[in-house]
Amino acid sequence: MCQAVLVLILLAASVLAVAAWICLLAARGRFWRTDQRLPPAGRADPVSWPAVVAVVPARDEAEMLPQTLPALLSQRYEGGLIVLLVDDESSDGTAEVAAKLAAELGQDAGARLRVLSGEPTPPGWAGKVWAMAQGLRAAGEADYVLFTDADIGYAPGAVSALVKSAIADDRVLVSQMALLRTDTVAERLLIPAFVYFFAQLYPFRLVNRRGGRTAAAAGGCMLVRRQALANAGGLEPISGARIDDVALGGLLKRAGGCCWLGFTTDVISRRHYDGVREIWDMVARSAYTQLRYSLVLLVATVVGMIWLYLLPVAATAAGLAVIAGGGGPWLALAGVASWAIMAVSYVPVLRLCGLSPAWAACLPAIGAAYTAMTVSSALRHRAGRGGEWKGRTIQQPAE
């Protein structure tokens, strides 16, 4: 009798999971699709190309810069383009490597690059936001500022495409989610899911809706209209933001600006993750911040992840056992249905990353891993190690 009741409870929960997945796919801004892209290159050029300053915060990036900086310095852009690298207290010769790369590319690239020695981070500021603020201050009267990361590579014409879209669609922020590396087994297993879960939290279609409340950006590539940012108070209102891209998108939207966030294969992250531990550290740095350091939200997130991602597997296994014992197929069908729906929703991101759709079957295990990373993030925060990165521990707000 108890077993029958347990099966009924599991069946009810599984049916609700199926319904939840259907609602997510139909009503959550179609988050699972990757169709939010910049318009084709055929759009007319601006009458005059505005001045752009690319601000690159760089902390100990000497190894990464040879893979990314030349492409940015070599962009064909009809207007003025300056690349301002903010050396954020590096100890590995980042500034010297940047200057050498520019010299090797020739006189034009050398004239385009400026290296700024970053000042120590003042109290109340997150390190990256402070580096961005120094670059913004040095950008002067530039029309647009491109906030980008040291690990981001740009295809030829990528900056022009960003500017053209910002002007044509009257956007104060145009951001693209960089295509992340998927070379190692750990990257193939976990990195596409990072994009998938981000889009689930901040559906790109809803971010791009004029007048909508959903706000976000992808920190590796954010083209911002400088005057709009100045009108919103500059970066000081988000000085302590640990998730700077989402905070910047929210700041500009609250100020009445129109923002756009999309997918691309022309902006590529060269950052490599050789094993699970490196990806784990990357996610755990900010996951609890995303939950606003709330224990209630942490518990709700863990329960929700178990229900949506792990219950379908448990229901499928239990349902097969029921069938083997002479019972009906309903529990197994409910489990398989929700598992199949979640797998289908993951396929577009896998295709964007150039991976086989077969990886979609692993999504329950991937969801379990990200749940564990989120719990780990909370534990690190409570141990005083929240936001630990490159020898710098971000001070967390008091609870």
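Structure values in brief
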quantity	calculated
Net dipole in debye of the stretch 263-394 [+1 Lys, Arg Cβ; -1 Asp, Glu Cβ; about Cα centre; nearest 20]	500
Descending semi-axes in whole angstrom, ellipsoid equivalent of the chain, from the Cα gyration tensor	41, 23, 20
Student exercise, the stretch 247-286 dipole from Lys, Arg, Asp, Glu Cβ charges, in Debye to nearest 20	200
Burial ranking of peptide ranges 140-147, 165-172 (average Cβ count within 10 Å, highest at the top)	140-147, 165-172
Label point distance in nm, Glu278-Arg28, each placed 7 Å from Cα along Cα→Cβ	2.9
The chain - mean residue ellipticity at 222 nm from DSSP helices (-39,500 (n - 2.57) per run, n ≥ 4, rounded to 500)	-15000 deg cm²/dmol
For the stretch 253-315, the spread of Cα positions along each principal axis, largest first, Å	41, 38, 25
Contour minus Cα-Cα distance for Glu236 and Ala12 (0.36 nm per residue)	75.7 nm
Burial ranking of peptide ranges 192-202, 206-216 (average Cβ count within 10 Å, highest at the top)	192-202, 206-216
Sites matching trypsin sites (Lys or Arg not before Pro) across the stretch 251-309 that sit in DSSP coil, with at most 10 neighbouring C-beta atoms within 10 Å	Arg292
Residue-span extension gain [Ala317 to Leu297] - 0.36 nm each, minus C-alpha spacing	4.3 nm
Shape call, the stretch 79-138: gyration tensor on alpha carbons, a/c limit 1.5	oblate
Whole-Å distance, taken between Cα centres, linking the stretch 34-64 and the stretch 106-177	9
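Each reported figure results from applying straightforward, stated rules to the coordinates on display, with no laboratory input. Treat the numbers as computed from the prediction; the structure is a model and nothing was measured. In this analysis, Cβ positions are derived from the backbone assuming ideal geometry, glycine residues included, and neighbour counts consider all displayed protein chains.
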